[in-house]
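One structure is given below, encoded as structure tokens.
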Amino acid sequence: PVASLAAPRAPPAAAAAATVDGGGINGGSERGGERRNGGADGGKNGRNDKEEDEEEEDEEEEDDEDEEEEEEEEEEESSSMSGSDDEEGSWISWFCSLRGNEFFCEVDEDYIQDAFNLTGLNTLVPYYDYALDMVLDVEMPMEDELTEEQQEIVESAAEMLYGLIHARYVVTNRGMHAMYEKYRTATFGRCPNVFCQGQPVLPVGLSDLPRNYTVNVFCPRCHGLYFPKSTRQANVDGAYFGTTFPHLFLLTHPDMIMTKPTQQYRPRVYGFKIHRSSLYHRNHEIGGGGSGGNSQQSSEQRHHRGASGSKEGRSSRDRRRAGGGGGGIEAARNKGR
């Protein structure tokens, strides 16, 4: 009976051990689950943090782009406003700031408003009144009634009118002072002649009437005419500067009159100078080409010789006539004696 009573007591110990082991297993599983859950939650939180950081970076980039766009828009608006202000404020400054119009100086509006300075221009410029109002920024009451073609004609007429006024303005004291600043900074360019050593040039026209010749540049050192370096400037009408300006400018500022270059280019062939009697120099000096220049020279010489021979013939005949007349008179006197 003791054995029978003691025997059943063993299972509770095993059960306790089992319960202990089960508790450890269950606790370990629970702790492992918690760890897994914690790791999963940590991974989710890390991913969420990264996503939030990326979103913040994207938002910052978008904000920067928006700020840049706003700045660009503000700059465009300011430039457009300044451009509109310039256009509305001064047509003359707008015209002189165009590419290709660097040779022009700004004419004072007081000079343009003086009717005496515009004498005779109304016969050269079409739509003269409209063009003058455009140059002086005067509102034209009939502007809305003009067609697009007429508006373009008025704009070109305004450019022509300003150019012809400019040609008269640059020969005044104020105009020469304005052109002096451009000449000092070599705005008109420099002489392409090698021996002029970069001498600044002055604009000049070959005619005072518009639409005949484009503008050229005059070198005060070698007195040569050249085309402007820029093609845009080379298309400007030469009448907008006139034939007088560079020469009157130098006479007004005699200290700017430069001496002629002493060094001259001598053509050579294999190191030997070409003789002056060769066709290379003769045709160049005569201005003709080949036999044409020689034939012209020979015809001129024959004409000169013929003229001199006829003169000598007439003088000899006159002397013979005078001698014959005197002999007859003396013979008659002798007979009378």
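Worth a mention:
- For the stretch 277-299, the criterion of being touching a Pro at 6+ places or on another chain (Cβ under 7 Å), closer than 30 Å to Gly189 by Cβ and at pLDDT 50 or above is met by none of the residues.
- Some residue of the stretch 132-141 being within 29 Å of Ile257 (Cα to Cα) and more than 23 Å from the chain's Cα centre (by Cα): no
- Selected residue [among the hydrophobic types (A, V, I, L, M, F, W, C) and more than 24 Å from Glu159 (Cα to Cα)] from Leu225, Leu209: Leu225
- Residue count for the stretch 172-202 satisfying the condition of being part of a helix (DSSP H, G or I) and either closer than 19 Å to Tyr226 by Cβ or of a type in the set (Val, Ile, Thr) (or both): 6.
- The one condition from (1) touching a residue at least 12 places away in the same chain (Cβ under 8 Å); (2) open to solvent by 20 Å² or more (accessible area, probe 1.4 Å); (3) within 30 Å of Thr123 (Cα to Cα); (4) more than 22 Å from the chain's Cα centre (by Cα) that Phe249 does not meet is (2).
- Within the stretch 210-232, considering residues that are in contact (Cβ under 8 Å) with a residue 40 or more places away in the chain and open to solvent by 20 Å² or more (accessible area, probe 1.4 Å), the one farthest from Leu124 (Cα to Cα): Arg221
- Consider the stretch 115-142 and keep the residues that are open to solvent by 70 Å² or more (accessible area, probe 1.4 Å) and acidic (Asp, Glu). The one that is farthest from Pro203 (Cα to Cα) is Glu139.
The values are calculated or read from the model by the stated rules, or taken from the named source; none is laboratory data. All values reported here derive from a predicted model rather than from experimental measurement. Glycine also receives a Cβ, built like all others from the backbone with ideal geometry; neighbour counts cover every protein chain displayed. Accessible surface areas use protein heavy atoms only, side chains included; no ligands, DNA or RNA. Shrake-Rupley method; radii C 1.70, N 1.55, O 1.52, S 1.80 Å.
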